[in-house]
Amino acid sequence: MELRPKHADLPTDLPPEDAQPLAEVGLFLRDDVRSWEQHSSGAAVGNIVFHGWQVRPLPTPPDLPGRDVYLVKARYDVDFDPEVPGPQWAEAGFSFDAGDLIVNAALPTGVARPEPARTYVLTHDLEFALPDADGRGGTGGPGSGGGRVGSGDGDGGLARVPLSALTPDITVFGVGGRACRWRHRAVDGGEVRLGSHVGWFVLLVPAGCEEVHVTAKAGYRLTEEAAMGMQPHAGTDEFTVRLPMPEASDSSEASSPGAARTRGHGNDSPPKPTEMRMGFGVDVVGYSDRDALSRGTLQTRLDRLVRDVLGDIGFDLEDLEHQRSGDGMNVVLPLDTDITQALPGLVNAMRSRLRQDNERHDDRMRLRMACDAGTFKTGANGYEGEAVLSFCRLLDSSPLRDALQAQKSAELGLLISQFLYRQVVTPGYPGLSQEQFTRVTAVVKHYQAVAWLYTSPSAGSVE
């Protein structure tokens, strides 16, 4: 996605889709279409796999106060069993659980004949249009649905959106509401094209909305002969996408450097939490590959390491909320913690102490680590709230695992949330710099969030 120079402060690169899918919807044939089961089952004929979204915040038009605007690229794979004749049509899409979320525009909209690869312009009216000959926003093409152009579109629009060559027939449904789905129909005796497809849409959410809860849906139809008297059925799947924080105006920033900015979830907001905490999780890389004696030694080393790191930044482990898991530990810092000091101190102390520990042992310990801040409280059987849940998801995500797999010399791999990055790293508080981090999309089954990746330098190098 290309962004105009006037928005150069937004990253121009879109993170690649993660290898791990967000959701998967099974396609079945059933003898009886009526069922009270939440998840359909029967003779499996195929599935539709939904991959990680690529999400970018956009400037909010003046006529949409109280809204945040996002441009979303969604990729999905349509797959049928090779023994099953191709479907007459197949569709894939999403619905949102909050009524105040709106899909304002989508691509492709309607494809009735083969179309070459094109690049569309997202206009200031939040519609997709084909550019004029000079590259500015112009009239809509067949796949754009008309692309209404407002008076402010002469500067080339908000973004340029590439769309690969398309084959008919494709129709979009749900635009203007809280759902969006693309139906691919076979024409002239042909078949629905299987494999990867891409859809773009503009999502309007209430200002300050932190995440969206999504239901992935699918549908299809076979010929009567192929269906063998049975009825087509499709399941559903659900996932959550954490939205990148929009560019905030000066008046919307937190009033103090260490203050935590809370964000809502539309009309479905839970009761306001009593505490906002920062926390972190650590895991030993390759723990299960060791023998029993080595695993026991690693547990002792990890416990001492975490105690020393917390001591370096002024805390005692025994005074903090923490959970042990043998090869890892979750720790939540006190309510009054200044995150602008705690995060840099924690990262630098962990890197330094880990290197010192490895210098004393032949068995090199490598760690995954993740940090976030959010709601927290103790529950009947553990911790509740978003803080621990979020950093545990980051800790288990592919970008962190892949980074340490690719960089064997790195002893520490760290992911911090978008929230912490914006509050601590972006403003330039001492101890961490933007150059040390790489923006990634962390995808875990049913969850996606923007995060920032750091890996420690090789042993013996100077940072």
Please pull out the direction-averaged projected area of the stretch 367-443, using the convex hull of its alpha-carbon atoms, in nm² to one decimal place. 6.0 nm²
Could you sort the peptides 108-118, 437-447 by per-residue average Cβ neighbour count (10 Å cutoff), highest mean leading? 437-447, 108-118
Any idea how far the Cα center of the stretch 164-230 sits from the one of the stretch 277-344, in Å? 45 Å
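Please find the FRET efficiency linking residue 435 to residue 312, where r is the Cβ-Cβ separation and R0 is fixed at 22 Å, and quote it to the nearest 0.05.
Values: r = 23 Å, r/R0 = 1.07.
Once the sixth-power term is evaluated, E becomes 0.40.
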With every protein chain left in place, what is the accessible area per residue of the stretch 292-428 in square angstrom, probe 1.4 Å? 42 Å²
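Can you give me the % of accessible surface on the stretch 309-463 that is carbon or sulfur? Probe 1.4 Å, all protein chains present, nothing else counted.
Working: 2960 of 6440 Å².
Ligands and nucleic acids excluded, carbon and sulfur reach 46 percent.
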Report the calculated FRET efficiency for residue 227 and residue 359 (r = Cβ-Cβ distance, R0 = 45 Å), to the nearest 0.05. 0.10
Determine the gain in length on full extension of the stretch residue 338-residue 64; use 0.36 nm per residue of separation and subtract their C-alpha separation, reporting nm with one decimal. 95.1 nm
Of 73/408; 73/217; 408/445, which ones are farther than 22 Å apart at the Cα? 73/408; 408/445
Compute the distance in nm between two label points, each set 7 Å from the Cα along the Cα-to-Cβ direction, one at residue 117 and one at residue 322. 5.3 nm
Between residue 30 and residue 378, what is the label-point separation in nm under the 7 Å Cα-to-beta-carbon projection? 4.5 nm
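The values are calculated or read from the model by the stated rules, or taken from the named source; none is laboratory data. Nothing here was measured: the structure is a model prediction, and the numbers come from that model. Backbone-built Cβ (ideal geometry, glycine too); neighbour counts: all protein chains shown. Areas reflect the complete protein model, heavy atoms only, side chains present, ligands, DNA and RNA absent. Shrake-Rupley method; radii C 1.70, N 1.55, O 1.52, S 1.80 Å.
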